[in-house]
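Working notes for the structure below.
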Amino acid sequence: MKNLLLVGATGFLGQHLKKFYQNQGWQVFTLGRDENSDYIFSPEKLDTLLSLNINENFDRLINAAAINEVDINKNISATYNVNVTLTRYLVELAHKHKIPEFTYISTFHVYGGANNVIDVDLICEPKNDYGLTHYLSEQIVRTLGKAYGINTLVVRPTNIYGCPVNMTLFNRWSLVPFAFIKSAIEDRTINIRSSGLQLRNFVSVHDVLKATLLIEKVEVVNAYGLEALTIRAFAQKIASVINSTKNVDVNVKWLDDDKTSSDETLSFTENKNYHPVENIENYISDFVELLNE
C-alpha cells in the first residue's frame, strides 16, 4: 500500500483528493492546521514544519492548500504566506523525508488573459495575486524539485464543478456552478449580475482527480473540461435540466445594458495523456438531488 501526505484536505478539492486516493488503495495522511489532521502546523510558524515528528514513509505529497480567489485580497500577507511560503517549506519537507513525488494543485489563471490557444508552454502572465501566487509556487516546486531529485507535477484546473464530499464543510457558494443551482432550487430564479456573455471553461472535479495520476508522464497538465460556455448559457443549462427533471419553471435574468464579453482563452492544446469525460448535465442533476435531500 502506498502512502500519501495530503495538504489542504479540508477544502473542496482536498476532500475529493482524500476520498479518491483512498479508493485507489492509498493510505492517506493529512497535514494541516485543523485539529483533526494527522500532522498539525501553524500558518504563523511554518518553520516548525521541518521539525514535525514524521515516522511514515510517503510515496507522494500533494499540496492542495491555498487561499481561494474570493478571499485572496482580504489579507495580502496571509495570502502569500499560505499560497507561496507554505509551498516552499513543503518542498523542504519532501526533501528532508525523501518523498519522491510532489504534486502541486495550481490554476489556469497563471496564464493571465492571453488571447490564443492555451498550452503548457505558453508564457504565464498572471493578472492578479491569485494567479501570481500560484505561479510562484509552481516555479518553487519545479525548480527545487529538479535540484532535489523529486518527481513533480503541476495541475492547472479551470473552473471546477462537482458535488461536495461533505455538505456541512462546503463553503464555496459564491462560485457559479454552485451558486446558480442553489438559487434555481431556492428562488426558482438565477440572477446574473452582468450580461452573462463571459466565456468560461468548466471542468469536473473527477477529471481533475484523474489528472493528478499523470505525475510520471508530464510535468504540467491543464485540467480542462469538455465544454466552454457563457455564464448565461450555463445558467440556462441549469434551468433546462431542472425544468425537465423537476417539472418546475426556473427563470434566468441578466443585465441587458452590460456588454461584457469573454476575457478568457478557452481553447486548449490537446494532451495525449489527459482526456476529460465528465459532463455538466450529470453534475447538475446530481447536485440538485443533493440539495433536495
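Over what distance in Å are the Cα centres of the stretch 131-156 and the stretch 26-91 separated?
15 Å
Which residues make up the longest stretch of the chain that has no trypsin sites (Lys or Arg not before Pro) in a DSSP loop with at most 16 other Cβ atoms within 10 Å?
Counting at most 16 other Cβ atoms within 10 Å as exposed, the longest clean stretch of the chain is 128-171.
Run a plain Debye calculation on the stretch 213-293 (Cα atoms as equal point scatterers, no solvent) and give log10 I(q)/I(0) at q = 0.25 Å⁻¹, rounded to two decimals, same order as the q list.
-1.21
If I fit a long axis through the Cα atoms of helix 280-292 and take the longest principal axis of the Cα atoms of the chain, what angle between them do I get, 0 to 90°, rounded to 10?
The answer is roughly 90 degrees.
Output the 0 to 90 degree angle, nearest 10, between the alpha-carbon long axis of helix 86-96 and the longest principal axis computed from the alpha carbons of the chain.
Once rounded, the angle reads 40 degrees.
What percent of all Cα-Cα pairs in the chain falls in each 5 Å bin, counting up from 0?
1, 5, 11, 16, 18, 17, 13, 9, 6, 3, 1, 0, 0
Where in the stretch 157-238 are there GluC sites (Glu not before Pro) that are in a DSSP coil and have at most 14 other Cβ atoms within 10 angstrom of their Cβ?
E216
Let me check the size of the stretch 3-157 from its C-alpha atoms; what are the radius of gyration and Dmax in Å?
Reported Rg and Dmax, both Å: 15.2, 48.
Which angle between 0 and 90 degrees, to the nearest 10, do you get for helix 12-23 versus the longest principal axis of the chain when only C-alpha atoms count?
Its long axis makes an angle of about 60 degrees.
Throughout, read-outs are computed from the coordinates displayed, never taken from laboratory work. This structure is a prediction, so every number in the text was calculated from the model and none was measured. Counting neighbours? That spans all protein chains shown, and the Cβs are built from the backbone with ideal geometry, glycine included.
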